[in-house]
Amino acid sequence: MASILLDLDGVLCDFVGRVCEIFDLNRAKIVASWPIGVSNISIAIGIPEPKMLEVINGMGDEFWIGIKLYDWADELFDFCQDLALTYILSRPTHHPTSLSGKVRWLYNWKGENFIRYNLSWYKELSSCRNSLLVDDLERNVEDFNKGDGKAILFPSYTNKRHAEFGNITIIKEEIAAWYNGCSK
Ligand SMILES: [Mg+2]
């Protein structure tokens, strides 16, 4: 059975925007000057990762709950859901509130009966026949494509598809092409 796995941060919601908010950084400026080829936000904002995580972890669930949906999140999720069973596949941090915060975020978005999520460090384990991952991290896409599934790189200023960031039409066409080509 065909299934679509959607990454959260950078695909459906604005993790970078939330980090900019709590560190009082200008998101537009950060994005405009994002170093090409860099996916690590700590490098892009010039705050060491341990320091950044210390602040995030100190906020508990509230950090995660405060992450805003991208404008296209509902459109993209509903588009996928109309094609195939659609799940959220998101990697937590080492801190337990990353897990609880992401679950609460999902409940706020989809309601407390929503169970189609997988919070895992090993996204590639979900790479099976007729599964599609949509993810903005190139490494995740490469690892997933080593399995039996297929992964599409979601356009972002953090990856090589930076020029297409925000172009949901393109990604929907690629998802539809995958669906039409898979055996269901
Ligand atoms: Mg991501």
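Please treat every number below as a calculation from the coordinates, not as lab data. Owing to the predicted nature of the structure, the values given are computational and were not obtained by experimental measurement. Here the Cβ positions follow ideal geometry from the backbone for every residue, glycine too, while neighbour counts run over all protein chains shown.
Values as computed for the structure displayed
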{"read-out": "Förster radius 22 Å - calculated FRET efficiency between E142 and S183, Cβ distance, rounded to 0.05", "value": "0.40"}
{"read-out": "Cα-based Rg / Dmax (Å) for the chain", "value": "16.0, 48"}
{"read-out": "Reachable lysines from K146, criterion Cα separation under 21 angstrom, eight or more residues apart if same chain", "value": "K123, K160, K184"}
{"read-out": "Fraction of antiparallel bridges per DSSP, the chain only, in percent to nearest 5", "value": "5"}
{"read-out": "Prolate/oblate/rounded label for region 68-137 (Cα gyration tensor, a/c 1.5)", "value": "oblate"}
{"read-out": "Within straight-line cross-link reach of K51, aspartates and glutamates at Cα separation under 15 Å, skipping those fewer than 8 residues along the same chain", "value": "D24"}
{"read-out": "Most mobile of F79, F15, F154 in a GNM of the chain (Cα contacts under 10 Å)", "value": "F79"}
{"read-out": "For the chain, built as a Gaussian network whose Cα springs stay under 10 Å, the top-fluctuating residue of E164, E75, E54", "value": "E54"}
